[in-house]
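Working notes, beginning with the structure itself.
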Amino acid sequence: MRFSIFHNVGAPGRLDDVASVLDEIREIATFADTAGFHSIWYTEHHFGHEGYELVPNPVLMCADIAARTSRIRIGQAANIVTFWNPLRLAEDIALLDQLSGGRVEVGIGRGLYGREAMNLNPVADPRDQEQNRALFEETVEILRKAWSGEFFTHHGRFYQYPAPGVTWNHPLSPPSPEFVGEDGTISALQVVPRPFQRPHPPLSQVIDTPRSIQGAARAGRKGIFWMPPISELKGRFALYRDTLAEATGVEQELGTGLSLVRDVYVADTMEQARADFEEALLTSYRWICHWRGLNNLREVGEDITGRELDFDFLAERNLLVGTPDYVAEKVHELQQELNLQDLMLWTTHPGLEHRKAMRSFELFAEKVMPQFSGAAS
């Protein structure tokens, strides 16, 4: 089993001291690099003046971490690809993969917040889900073409590459039928450098609904889940497995290709774990569930109408918060029920003191991870 870190960076009240927040990010990453964690992942969010989500560019964040680590894999969970120029994103990720010696994991998402989409790419407006999905799929198609290392063209609904009518005539780059047409205009593009990993870094998609689960599996993309309790995840894991098996023609094990983000905090006692973690955890859930609601936290068949969002509500369905032995027991449950192969720890909720987050990671590495003899970094 692999253990990774999901690092959504939030620091409300500290926007005037982001440099210190960045130093804390680096300390967590360098610790994880030596402690045997498989990977660490950063999110993409924009215009977060509230301080709950501070990293607008996970690729740039990953470049900084790549320079300070040597072993751990470095991911984005996720690049909101609908906000990016596809060629710029392809170039940046390819260069990051080269800089890190092939340690990049590429997470991709469609975007949730209107204030982000409408100010970065109005075509990605999440109120038009069909257009948003179409833009997402076309962007991913362009990324794959760009990472091939070959000259390519693309003529889609949203993008056309190369742009028509651009002439090319340079003595150090003689025109060739590979990229110049008979009329002397550029007819194909090649993105350089190509990624270190071939054909490209692994792709993971943040998934939730049946449509996104099946779409990721059919496209051969790995999946990342977060909120639902085990009873609900069983069906979603099975749907991914069955769709992947159908797409590949090969029988698949439950859990293959899937990662699960869980809210994790380890302390010496159950009481201390709750006291340390409760308010920071609820800050994240209050922020996110304002848009998502609570339905994704239901057990199968459960009616949660009128339920309040509080620690006890979450603890009974998706938290790994407590002593090392208690957390290990909950991890074993995920293994047994879902055949989970990659657990991503979300500890750094907004407002949690850095020293407490570090102590939790240390306890997890020292006392939880050794209980899984098959843990693989």
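The values are calculated or read from the model by the stated rules, or taken from the named source; none is laboratory data. As the structure is a prediction and not an experimental result, all values here were calculated from the model. When we count neighbours, we look across all protein chains shown, and the Cβ atoms used for this are built from the backbone with ideal geometry, even at glycine. What goes into the accessible areas is simple: the full protein's heavy atoms, side chains included, and nothing from ligands, DNA or RNA. Shrake-Rupley method; radii C 1.70, N 1.55, O 1.52, S 1.80 Å.
Summed over segment 304-344, residues that are at pLDDT below 95 and under 23 Å from residue 238 (Cα atoms) total 1.
In this structure, does residue 253 turn out to be within 19 Å of residue 340 (Cα to Cα) and in contact (Cβ under 8 Å) with a residue 12 or more places away in the chain? Considered against the rule, which asks whether it is within 19 Å of residue 340 (Cα to Cα) and in contact (Cβ under 8 Å) with a residue 12 or more places away in the chain, residue 253 comes out as yes.
Only one of the numbered conditions (1) in contact with a Leu (Cβ under 8 Å, 6 or more places away or on another chain); (2) more than 30 Å from residue 178 (Cα to Cα); (3) open to solvent by less than 30 Å² (accessible area, probe 1.4 Å) is not met by residue 113, and that is (1). Scanning segment 1-54 for residues that are over 18 Å from residue 66 (Cβ atoms) and of a type in the set (S, T, N, Q) yields 8, 20.
Residues that are of a type in the set (Lys, Arg) and either outside any helix (DSSP H, G or I) or on the phi > 0 side of the Ramachandran plot (or both) are absent from segment 77-100.
Within segment 330-370, can you find the residues that are closer than 22 Å to residue 29 by Cβ and basic (Lys, Arg)? Of everything in segment 330-370, those that are closer than 22 Å to residue 29 by Cβ and basic (Lys, Arg) turn out to be 355, 356, 359, 367.
Across segment 167-182, the qualifying residues are those that are in a strand (DSSP E or B) and free of Cβ contacts under 8 Å to residues at least 12 places away in the same chain, and the one among them that is surrounded by the fewest Cβ atoms within 10 Å (Cβ to Cβ) is 170. For segment 258-288, a residue qualifies if it is in a helix (DSSP H, G or I), under 14 Å from residue 348 (Cα atoms) and either among the hydrophobic types (A, V, I, L, M, F, W, C) or free of Cβ contacts under 8 Å to residues at least 12 places away in the same chain (or both), and the qualifying residues are 273, 277, 280, 281, 282. Might you check whether a residue that is in a strand (DSSP E or B) and among the small types (Gly, Ala, Ser) occurs anywhere in segment 102-113? Looking through segment 102-113, at least one residue is in a strand (DSSP E or B) and among the small types (Gly, Ala, Ser). Taking into account only those residues within segment 16-75 that are small (Gly, Ala, Ser) and in a helix (DSSP H, G or I), which is surrounded by the fewest Cβ atoms within 10 Å (Cβ to Cβ)? Result: 19. Evaluate segment 143-162: report whether one residue or more is under 25 Å from residue 245 (Cβ atoms) and open to solvent by 30 Å² or more (accessible area, probe 1.4 Å). So far as segment 143-162 goes, yes, one or more of its residues are under 25 Å from residue 245 (Cβ atoms) and open to solvent by 30 Å² or more (accessible area, probe 1.4 Å). Among the residues here, residue 220 qualifies as without any contact (Cβ under 8 Å) to a residue 60 or more places away in the chain and within 20 Å of the chain's Cα centre (by Cα). Can you say whether residue 127 is open to solvent by 70 Å² or more (accessible area, probe 1.4 Å) and either under 30 Å from residue 287 (Cβ atoms) or assigned to a loop (DSSP other than H, G, I, E, B) (or both), as far as the supplied structure shows? Yes: the conditions hold for residue 127.
Number of residues in segment 277-301 that are open to solvent by 30 Å² or more (accessible area, probe 1.4 Å) and either of a type in the set (D, E, K, R) or touching a strand residue (DSSP E or B) at 6+ places or on another chain (Cβ under 8 Å) (or both) equals 6. For segment 120-157, which residues satisfy the criterion of being in contact with a helix residue (DSSP H, G or I) (Cβ under 9 Å, 6 or more places away or on another chain), farther than 24 Å from residue 214 by Cβ and polar (S, T, N, Q)? Once the filter is applied, which keeps residues that are in contact with a helix residue (DSSP H, G or I) (Cβ under 9 Å, 6 or more places away or on another chain), farther than 24 Å from residue 214 by Cβ and polar (S, T, N, Q), segment 120-157 yields 121, 153. For segment 305-362, the set of residues classified as of a type in the set (Phe, Trp, Tyr) and open to solvent by 20 Å² or more (accessible area, probe 1.4 Å) consists of 326 only. Within segment 194-250, the set of residues being closer than 28 Å to residue 94 by Cβ and open to solvent by 50 Å² or more (accessible area, probe 1.4 Å) comprises 194, 196, 198, 199, 206, 218, 220, 222, 247, 248.
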